[in-house]
Every structure is written in structure tokens, then in C-alpha cells.
Amino acid sequence: MNLGQRKRGLKRTLVVAFAVTGFFIAFQSWDPVPLQILRMKQLDIFQQIKPRAKADTPVTIVDIDDRSLEEFGQWPWPRTQLAQLVRNLMRSGALVIGLDMVFAEADRLSPPEMAKDLVGAETEVIEGLKKLPDSDVIFARAMRNGRVVLGQSLSHEDRPGSISRDARKTSVGFSGTGGTAKRFVHAYAGIVRNRPILEDAAKGIGTTNVLPEFDRVVRRIPLILRAGKELYPSLGLEVLRVATGQTTILAKTNKYGLQAVVVAGLEIPTDEKGQSWIRYAKPDPDSYISAADVMAGTVQPGRLQGQLVLVGTSAAGLQDTAEIPVSPLVPGVEIHAQWLEMVLTKSFLVRPNYILGVEYLVTILFCLALALTIPLAGAITGLFIGASGVAGVTGISWYLFANKGVLLGVTYPVLAGFLLYTTLVLMNYLREETQRREMRFAFNHYLSPDLVGQITADPSKLKLGGEVRVLTFLFTDLAGFTSLVEKSDPDVVVKLLNDYLEPTCDIVMRHGGTIDKIVGDAIHAMFGAPNNQPDHADRAIACALELDTFCRRFEKEKAEEGITFGITRIGVNTGNVVVGNFGGKSRFDYTAHGDAINTAARLESINKQLGTRLCISGYTIDAAGGFTGRPVGELVLKGKEEGIPVFQPLTEEEDRSPGVAAYREAFALMERGDAGALAAFEGVVAKFPDDPLAAFHLARLRAGDTGTRVVFTSK
């Protein structure tokens with residue numbers, strides 16, 4: 001590929017890369033649910049690898065567990081029982097008690113409430129129940145003596161007349177800087193609140209709402225929510241406010257949304273909607289105390305002194321459970337407790353407003369690096385760059401998470417890089433495949449399929465140069481073709497030659513041979529190059545036999561058509577040669593040079609003097625895995641001083657014939673110099689007059705020659 005083509009290819013690749021990157025950035029801005037889940041799963045993995053270290057914080061969960069229900073009755077408990085629970089907690093020194101539950105209705109077990117349901121009962125009984133204390137009054141009195149925070153739930157429903165339309169405001173004030181938080185936080189239509197008598201007794205009221213992500217995992221909690229025109233703090237935030245004795249909460253905002261919530265000088269970072277990411281620790285059973293132990297007064301002395309106590313339930317039937325990144329199932333109160341522990345240890349997780357811009361920049365730089373690398377350096381280098389980039393970005397993201405508490409998402413840059421890499425590699429593959437097809441189409445007219453396949457797979461093989469290798473060569477020649485051309489019409493000759501050459505070339509290629517040249521009617525082929533073929537000698541012998549079978553049949557068919565078509569003579573030899581690309585920069589020729597090639601050509605032509613059709617050198621026989629045939633002799637070809645063993649290959653049927661057996665016996669006598677060789681060959685020729693090779697040796701012996709060494713003075 002010349003410089004101009006490389007520049008055009010790079011330009012096309014960059015255009016595609018920028019287009020694809022632009023699409024990815026737009027897709028990232030859209031931030032669809034699957035993309036959010038991928039980003040969240042990265043956070044989950046980080047939290048699972050390095051959860052928040054458990055610290056000694058004054059946060060305890062009082063758990064209404066299955067044992068508590070077994071010992072003190074099914075839920076809901078009477079409010080008098082809850083009042084006892086609160087009193088016991090206060091006596092144990094609890095600093096603040098947060099109840100992760102809502103008491104929206106009157107206690108059905110309260111005596112006045114029971115009196116309403118006793119239809120048909122005696123008047124004295126009903127009046128007696130009405131005079132007994134209301135359990136909500138008892139519960140409120142217990143709460144009023146301590147610091148208790150009730151829960152409330154914001155609802156998307158706002159039915160007329162429902163408790164959610166209660167006009168009472170929150171018990172805490174909000175102040176803000178840089179804008180109003182009401183514009184940014186999650187909004188609801190109404191509130192499911194507690195009974196007024198209970199709210200009046202509580203020191204604070206916090207929302208119990210959590211907002212799981214699309215995969216139902218709770219990773220962040222809203223610290224501030226809005227219902228109507230009012231703002232409401234979360235349960236954990238309200239517990240923190242009451243514990244510090246504050247009356248207001250500061251919401252810090254800018255034009256993009258909330259930045260932080262401040263309580264008693266403690267700044268808690270949030271996202272733009274006022275949600276706080278939770279850095280979870282592994283759930284710790286030691287953080288839990290069974291409500292049954294609190295009710296029975298069997299809690300270890302001092303265990304609850306100065307504690308922020310959150311009361312919740314893990315009882316299976318109450319179904320107050322959630323999934324968090326470090327555990328598939330925890331009580332809902334665990335989320336509020338983990339948030340408080342995180343705040344008290346200042347182990348915050350933050351995802352600043354600018355982090356999305358950083359992720360855009362990482363995506364662009366990552367894609368740009370791949371776009372410049374792959375066209376210039378190739379897919380493997382691009383893969384190395386991509387893998388290094390993924391490792392680097394992931395390492396930075398991990399460092400920021402583990403050491404700074406900053407959440408940098410890498411799933412999307414990695415996904416974008418992977419898709420861009422795949423796109424560019426596919427483009428390069430399609431472009432190279434198109435070039436290969438064009439090259440194959442052009443070269444198939446001139447070179448063997450093996451050579452074409454190797455060149456198209458690795459165009460660098462077009463460079464000049466060669467190597468020394470042992471190869472096997474096959475030469476064919478058609479007897480009497482010149483005279484046939486002189487006597488026949490050109491159109492007839494062309495068709496006849498094509499009908500002959502096409503099948504013979506197919507046979508050579510089918511056996512894995514490479515056609516080096518076609519000279520008129522002659523074929524020059526080699527085996528073992530360009531593809532390495534350890535069995536090149538066997539391939540050449542099998543090819544020679546199949547060629548001979550086809551040519552015999554072709555001669556017969558043409559004879560039946562009245563066309564005299566000469567026999568095809570074949571020579572095969574094996575030896576060391578130099579093989580490779582020879583020529584110049586503008587023209588090259590993949591061929592071989594060496595004496596082994598000349599010997600193969602001489603063996604083809606010597607068939608004429610021997611009266612045979614096929615001659616194969618002993619070098620080929622030695623290189624082959626097996627051979628079926630008969631010896632011709634030790635031939636000293638014209639221009640040579642040393643003789644080479646030559647053999648005539650035979651089919652298995654020919655090898656089993658009586659004539660071949662008789663020839664071998666006579667040849668053995670001649671090889672030993674036995675005087676009986678002459679009579680033996682006379683007997684072979686007399687009995688098998690169609691054996692030209694036996695007739696050749698008989699003529700030699702009659703002329704006074706002996707042995708199997710034959711010296712030729714002509715080709």
C-alpha cells in the first residue's frame with residue numbers, strides 16, 4: 001500500500017472513529033437504564049472488594065426479630081408495649097431513639113378503640129374500657145421524656161380526606177445557599193404521617209423512604225424530600241440533628257443542584273438531587289440487639305449508653321428487607337444505620353457534578369487513541385493499547401474510590417472503547433478481505449492457488465529473496481505436439497490444448513503442487529513450496545500416476561475421435577534448490593533454481609529413449625514414505641558424470657502382473673553381472689513384447705553392454 005492509500009485509509013478510519021465516538025457520547029448523555037446498571041455494578045464490585053472498615057461508632061440497631069415476636073406477641077405490638085420498649089431504652093442511656101416505622105392509625109389494642117368494636121357487649125364493659133388510658137397517650141408520654149424520632153413515609157398518592165393531606169409542617173427548619181433545594185429534590189404528592197399525639201411528643205420526624213436503583217439495590221438514600229411545598233429530612237438525618245441539638249438543616253446548592261447537607265457544622269456531600277451515596281461495611285451482627293432483650297431488661301449494662309438507637313424489624317413475616325451492594329438481603333433499618341456510621345466516620349462516597357465531564361473526556365481520549373493506533377499499528381497493538389487503557393482507567397477509578405471516596409465510572413469508556421475497537425478491526429478486516437479477493441482474482445490467472453493463498457494471507461511474501469529447501473519437481477511433455485500444431489487448424493489446437501491442460505493442472509493442484517510454468521504443452525510443477533509439505537515426494541509420485549492415468553484415457557478418447565494425440569512423458573526428482581521471489585521491484589517470479597530441477601527435466605525427456613512414460617529418481621523414492629514400481633537402472637544423464645538410480649512407478653495392479661515379476665528377476669541377474677541376464681531378458685521380451693523397458697535392456701545386452709549403469713550421450 002503506497003503512502004497516498006495509507007493516508008486515505010487513515011482519513012476514512014478517523015471519520016468513522018469520530019462518528020462512532022460522537023454517537024457514544026450522545027448515548028452516554030442519554031444514560032439509559034442498562035448503562036446505569038453497568039455503572040452501578042462497577043460500584044458494587046468496588047464495595048465488595050473493599051467495603052468500609054467497621055469502626056466503633058455509637059450506632060445500634062434494636063431488632064424486632066422473630067424471637068421478639070415469639071416472646072412478646074405478633075406485630076403490631078400494643079403501643080403500651082412500645083412505650084415500655086422506649087422507656088427501657090432511655091433507662092439504658094440511649095441518646096436518641098429512631099423508630100423506623102409509621103403509626104398512622106390508632107392502636108387497635110387500645111382499650112377505647114376496643115370498646116368501639118365490642119358490638120352487643122354489656123354497657124358496663126364498654127364504659128369501663130372507655131375509661132381506661134389510651135395506649136397512644138401512654139406511648140406519647142414515654143416518648144416525651146426522651147429524644148425520639150418517628151418515621152414517616154412520603155407517598156405519590158394524595159387522596160382527598162386521607163391522612164397524607166394533613167396540613168401540619170415538618171418539625172425542622174431548612175436554610176439554603178446558592179438556590180433553593182425544592183427545585184432539585186424528589187417530590188411526592190403527600191405524606192403518610194403518624195397520629196398527631198405521637199408526632200407532638202416526638203423530638204423529630206424523618207422520612208423512611210429509600211429509592212432503590214432499577215435493579216432493586218439500595219446504593220444511595222435521599223436526605224431531603226419534598227411533599228407539596230415542604231421539605232422533609234430522612235430518618236438518619238433527623239436522628240443526627242436531634243442528637244446534636246440543632247433546629248435547622250443547611251442545604252447547599254448551586255445552579256446544577258444540591259451539593260451537600262450540613263448539620264452542626266458537619267458537611268455531608270450529596271448528588272444534585274440531595275441523595276447521599278452510602279459506603280457500606282459488611283453487616284455486623286454485633287450492631288444488633290434483640291428487642292426481646294431490651295423488653296426483658298437483659299441488655300449488658302452500658303451497652304446502650306450514649307447510642308443512637310434505630311428500632312426496626314428483621315422478622316421474616318414483616319418483609320422489611322432490602323438489597324445492598326455487600327449483601328443480598330438485610331433489614332431495611334440496616335440502611336439508615338450504615339448511613340449514620342458512614343457520616344460519623346466521615347467515610348463519604350461522592351460523585352461530583354463535574355465527574356460526568358471527566359467520563360466524557362476519558363471516553364473521547366480512549367477512543368481517539370484507538371482510532372489513531374489501529375490503522376497505523378494494527379489490531380494487536382491496538383488491543384495492547386486498549387487493554388493498557390482499560391487497566392489504567394480502572395486503576396485510577398479504583399484509586400479514587402479507595403482513597404478519595406470519589407466515584408468515577410469506567411464501564412462506559414471501556415464499553416465505548418471495546419465497541420470502537422471492534423468496529424475498526426472489522427473495517428480493517430473487510431478492507432483487507434476486499435484487497436485479498438482482488439489480489440486472488442488477479443493472481444489466480446498466473447499463480448497456483450497455494451501461492452496465491454499464501455501471498456494474500458501475508459502480502460509481505462511479495463518481497464524479493466529466497467531460501468534453500470528440499471523440494472520435489474515434476475516435469476511433463478507431450479510427444480508429437482509440434483507436428484500436430486503444424487497439421488491442424490489453430491482453433492482446433494487451442495481447444496485441444498485447453499482440454500488437455502485444464503485437467504492436468506487441476507490434478508497437480510489437487511495434490512498440492514505449485515505450477516511454476518506452463519511452456520506450450522509442458523507443465524513444470526514443484527511440491528513443498530511455497531507451503532511447507534513434509535510429504536512432498538509422496539504427493540509428486542501420486543500426482544505422476546494420476547496424470548499418467550488421465551493422459552492414457554485422454555489419448556484413447558482422442559483416438560476414437562480420429563485425432564492422433566501423443567503420449568505424455570513425466571519426470572520426477574527431489575533435491576536441494578533455492579526457492580523464492582526472483583526478479584526486480586516492478587516484476588517478480590516465484591520459482592526455484594538448482595540442479596535438481598534440470599534432473600527432473602532430463603528424466604522427463606529420457607522416457608523417449610527408454611520407451612517409458614514415467615521416470616522417478618531414487619532421491620524421490622528415498623524421500624517418499626513408500627513406493628510401488630520397478631527399477632530402471634543407474635542412469636548417467638547427458639552432461640553428468642555420476643549416475644542416479646531411476647525407477648518406473650507402477651500401480652498396484654501393474655506391480656502384481658507376471659511381466660513385472662519376470663522383469664525384476666532378469667534385472668536382478670543383470671545387476672549382479674550374471675551372464676544369464678541376456679537369456680532372461682530375451683525370455684521377458686518374447687513373452688511380453690509390449691514391455692519397452694525390457695526391450696531397451698535386451699538391446700543393450702545384445703550390444704555387449706553389462707550391468708545396470710547406462711550412460712546417455714543425448715537428451
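The values are calculated or read from the model by the stated rules, or taken from the named source; none is laboratory data. The structure displayed is predicted, hence computed values, not measured ones. Note that we place each Cβ from the backbone using ideal geometry, even for glycine, and neighbour counts take in every protein chain shown.
Here is a list: ARG569, ARG630. Which entry is under 21 Å from GLY513 (Cβ atoms) and basic (Lys, Arg)? If you could, list the steps in order and put the result at the bottom.
Details: ARG630 fails: under 21 Å from GLY513 (Cβ atoms).
The match here is ARG569.
Regarding GLY633, is this residue assigned to a loop (DSSP other than H, G, I, E, B) and not polar (S, T, N, Q)?
Details: assigned to a loop (DSSP other than H, G, I, E, B): no; not polar (S, T, N, Q): yes.
Judged against the criteria, GLY633 is not a match.
Please work out which residue is farthest from PHE481 (Cα to Cα), limiting yourself to the stretch 500-558 and to residues that are outside any helix (DSSP H, G or I) and charged (D, E, K, R).
Going through the qualifying residues, I end up with ASP535.
Condition check ((1) modelled with pLDDT under 95; (2) farther than 27 Å from ARG351 by Cβ; (3) exposed (fewer than 12 other Cβ atoms within 10 Å of the Cβ); (4) not polar (S, T, N, Q)) across all residues:
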residue: ALA17; (1), (2), (3), (4): yes, yes, no, yes
residue: VAL20; (1), (2), (3), (4): yes, no, no, yes
residue: PHE27; (1), (2), (3), (4): yes, no, no, yes
residue: TRP30; (1), (2), (3), (4): yes, no, yes, yes
residue: LEU38; (1), (2), (3), (4): yes, no, no, yes
residue: ASP44; (1), (2), (3), (4): yes, no, no, yes
residue: ASP56; (1), (2), (3), (4): yes, yes, yes, yes
residue: ASP63; (1), (2), (3), (4): no, yes, no, yes
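Taking strands (runs of 3 or more DSSP E) that fall entirely within the stretch 256-321, which contain at least 1 residues that are of a type in the set (A, V, I, L, M) and assigned by TED's automatic domain parsing to the domain that holds ARG147?
257-263, 266-269, 288-290, 308-313
Of ASP158, ASP134, ASP166, which residue is modelled with pLDDT under 60 and touching a helix residue (DSSP H, G or I) at 6+ places or on another chain (Cβ under 9 Å)?
Selected residue: ASP166, the only one of ASP158, ASP134, ASP166 that is modelled with pLDDT under 60 and touching a helix residue (DSSP H, G or I) at 6+ places or on another chain (Cβ under 9 Å).
Listed here are the residues, each with its yes/no results for (1) among the hydroxyl-bearing types (Ser, Thr, Tyr); (2) surrounded by fewer than 20 Cβ atoms within 10 Å (Cβ to Cβ); (3) at pLDDT below 95.
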position	(1), (2), (3)
VAL262	no, yes, no
PRO269	no, yes, no
GLN275	no, no, no
ILE289	no, no, no
VAL299	no, yes, no
GLY306	no, yes, no
VAL311	no, no, no
GLY317	no, yes, yes
ALA322	no, yes, yes
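If you take the residues of the stretch 367-402 that are at pLDDT below 85 and of a type outside the set (A, V, I, L, M, F, W, C), which of them is surrounded by the most Cβ atoms within 10 Å (Cβ to Cβ)?
GLY382
For GLY395, indicate whether it is over 19 Å from the mean Cα position of the chain (by Cα) and farther than 20 Å from PHE24 by Cα.
So GLY395 passes the test.
Conditions tested, residue by residue: (1) among the acidic types (Asp, Glu); (2) out of contact with any helix residue (DSSP H, G or I) (no Cβ under 9 Å at 6 or more places or on another chain); (3) surrounded by 16 or more Cβ atoms within 10 Å (Cβ to Cβ); (4) within 19 Å of LYS608 (Cβ to Cβ).
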residue	(1), (2), (3), (4)
GLU467	yes, yes, no, no
THR476	no, no, yes, yes
ASP491	yes, yes, no, no
ASN498	no, yes, no, no
ARG510	no, no, no, no
GLY513	no, no, yes, no
GLY520	no, no, no, yes
ALA542	no, yes, yes, no
